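Only one structure is covered here, and it is reproduced in the block below.
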Amino acid sequence: MLTVDPLSDVLRAVRLTAATFFLIDATQPYCVDIPHSDHYRAILQRSARHMMSFHVIIEGQGTAVVPGGEPQSYRAGDIVVFPRGDGYRMGTAADTPPEFDYDETMAFFRDLASGSLPFVVPEGGGSPPPTRIICGFLGCDAGPFNPLISSLPPQFVVRRPDEDTLLDNLIELTMAEAKWDRAGGASIRLGLAELMFTEAIRLRIAASSEVDGWLGGLRDPVVGRALAILHASPADVWTLEKLVSEVATSRSTLSERFNRCIGCGPMQYLTSWRMQLAARRLLESHDAVAQIAFEIGYNSESAFSRAFKRIAGSSPTIWRRGQQADRP
């Protein structure tokens, strides 16, 4: 029985790691104006190549918008996610002015990173009704190939189902942990942030039949099985015919549905995924390029180097050198 979970596989490969996690206790009117994550990413998590954020609405309501996008309303029970690192505003209404300017916002992120702020952060003008929002910021690798980010819009709102979900339990744990300042609390809260983000993605997959891209592919019985098979054994010698046989479908069905969901063919996807696995090995080990090439399914270092350069923009050796030079 095939048990590989492509979503978990991707989250591990792109090194998803929580950077900070806190609760905003807002009064009316309120508005936060967050710049593009490139401005504060290194403050919150120096090793991160990309930063995402999510916001779980515990109480109250408001409006969220990214530059050039349409405002989206949110209410208690919703999860607002900004997966591409764009700047955004969240507040009472789309035209509510932000409470803090750019410099004050950067100072807030520095205080978060230093641990000098409490878990519960006050915000807003002091009038009822209250709004409480759990906020999480997570770092990951955006390239050379992150199918999760590429399949998500700049902003989306997940409407939680009426029945209890795992997210309700995670929120309960978060609120309980916020009441005490105990040893290890920061580590527990960061772990909860990663779990909440993953659950938000799972709820998005389950909530709408209109989810497309890579996440939509996970829902498709043919594409989902093909992805699980490729993720289970990425270094195997694959051909389209072999994959068709494993999925137990026709060549035309697999190709058509894979291209419609993922935007490329199965073999092209496999190459891109192998490059992401190789990138992680290049970053986290001192292994020779030839050894990494062999481990992800290439018998020829030169063939691997050509494929890597085509996707990452530079040879494995140059890419590794550049990435290591940028890391703290």
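Criterion first (on the phi < 0 side of the Ramachandran plot, buried (at least 16 other Cβ atoms within 10 Å of the Cβ) and not in a loop (DSSP other than H, G, I, E, B)) does Arg320 satisfy it? Walk me through how you get there before you give the answer.
Details: on the phi < 0 side of the Ramachandran plot: yes; buried (at least 16 other Cβ atoms within 10 Å of the Cβ): yes; not in a loop (DSSP other than H, G, I, E, B): yes.
For Arg320, the condition - on the phi < 0 side of the Ramachandran plot, buried (at least 16 other Cβ atoms within 10 Å of the Cβ) and not in a loop (DSSP other than H, G, I, E, B) - is met.
Is there a residue in the stretch 98-110 that is touching a residue at least 60 places away in the same chain (Cβ under 8 Å) and among the hydroxyl-bearing types (Ser, Thr, Tyr)?
yes
Here is a yes/no grid of residues against (1) in contact with an Asp or Glu (Cβ under 8 Å, 6 or more places away or on another chain); (2) more than 23 Å from Ala176 (Cα to Cα):
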| residue | (1), (2) |
| --- | --- |
| Pro71 | no, yes |
| Pro83 | no, yes |
| Gly87 | yes, yes |
| Asp103 | no, yes |
| Ala107 | no, yes |
| Glu123 | yes, no |
| Asp141 | no, yes |
| Pro144 | no, yes |
| Pro147 | no, yes |
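Of all the helices (runs of 4 or more DSSP H) wholly in the stretch 80-183, which have at least 1 residues that are more than 15 Å from the chain's Cα centre (by Cα) and small (Gly, Ala, Ser)? Spell out the reasoning first.
Values: elements: 102-114, 147-150, 166-178.
Qualifying helices (runs of 4 or more DSSP H): 102-114, 166-178.
Between residues in the stretch 279-295 that are part of a loop (DSSP other than H, G, I, E, B) and residues that are hydrophobic (A, V, I, L, M, F, W, C) and crowded, with 18+ Cβ neighbours inside 10 Å, which pairs lie under 9 Å by C-beta distance while being six or more apart or on different chains?
From the stretch 279-295, the pairs are Ser285/Ile292.
Sort through Leu283, Leu240, Leu277 and tell me the only one that's of a type outside the set (Gly, Ala, Ser) and buried (at least 17 other Cβ atoms within 10 Å of the Cβ).
Details: Leu283 fails: buried (at least 17 other Cβ atoms within 10 Å of the Cβ); Leu240 fails: buried (at least 17 other Cβ atoms within 10 Å of the Cβ).
Only one candidate qualifies: Leu277.
Quick one: which of Tyr298, Tyr269 is surrounded by 19 or more Cβ atoms within 10 Å (Cβ to Cβ), in the same structural domain as Leu230 (by TED's automatic domain parsing), not basic (Lys, Arg) and not in a helix (DSSP H, G or I)?
On the way: Tyr269 fails: not in a helix (DSSP H, G or I).
Exactly one residue qualifies, and that residue is Tyr298.
Scan the stretch 184-210 for residues that are closer than 21 Å to Tyr74 by Cα, outside any helix (DSSP H, G or I) and of a type outside the set (Ser, Thr, Tyr) and report the count.
Looking only at that region, the number is 1.
In this structure, does Ala26 turn out to be over 24 Å from Leu11 (Cβ atoms), in the same structural domain as Asp164 (by TED's automatic domain parsing) and crowded, with 18+ Cβ neighbours inside 10 Å?
Details: over 24 Å from Leu11 (Cβ atoms): yes; in the same structural domain as Asp164 (by TED's automatic domain parsing): yes; crowded, with 18+ Cβ neighbours inside 10 Å: yes.
Judged against the criteria, Ala26 is a match.
In the stretch 113-169, what residues are buried (at least 16 other Cβ atoms within 10 Å of the Cβ), closer than 12 Å to Ile24 by Cβ and not polar (S, T, N, Q)?
Hits for the stretch 113-169 are Phe119, Val121, Glu123, Gly124, Arg132, Ile133, Ile134, Cys135, Gly136.
Applying the selection to the stretch 15-64, what residues are under 20 Å from Glu104 (Cβ atoms), among the β-branched types (Val, Ile, Thr) and assigned to a strand (DSSP E or B)?
Scanning the stretch 15-64 gives Thr20, Ile24, Thr27, Val32, Ile34.
Only residues that are buried (at least 16 other Cβ atoms within 10 Å of the Cβ) and touching a helix residue (DSSP H, G or I) at 6+ places or on another chain (Cβ under 8 Å): list them for the stretch 179-190, please.
If the condition is that a residue be buried (at least 16 other Cβ atoms within 10 Å of the Cβ) and touching a helix residue (DSSP H, G or I) at 6+ places or on another chain (Cβ under 8 Å), then Arg189 is the only one that fits.
Would you check if there is a residue in the stretch 220-227 being outside any helix (DSSP H, G or I), crowded, with 19+ Cβ neighbours inside 10 Å, in contact (Cβ under 8 Å) with a residue 60 or more places away in the chain and of a type in the set (A, V, I, L, M)? Explain how you work it out, then say what you get.
If we filter the stretch 220-227 for residues that are outside any helix (DSSP H, G or I), which is where we start, we get 220.
From the residues that got through so far, the ones that are crowded, with 19+ Cβ neighbours inside 10 Å too are none.
Scanning the stretch 220-227 turns up no residue that is outside any helix (DSSP H, G or I), crowded, with 19+ Cβ neighbours inside 10 Å, in contact (Cβ under 8 Å) with a residue 60 or more places away in the chain and of a type in the set (A, V, I, L, M).
Surrounded by fewer than 21 Cβ atoms within 10 Å (Cβ to Cβ), assigned by TED's automatic domain parsing to the domain that holds Leu112, on the phi < 0 side of the Ramachandran plot and among the hydroxyl-bearing types (Ser, Thr, Tyr), is that true of Thr174?
no
The values are calculated or read from the model by the stated rules, or taken from the named source; none is laboratory data. Note that the structure is predicted; figures quoted are calculated from it, not measured. As a convention, Cβ positions derive from the backbone with ideal geometry for all residues, glycine included, and neighbour counts pool all protein chains shown.
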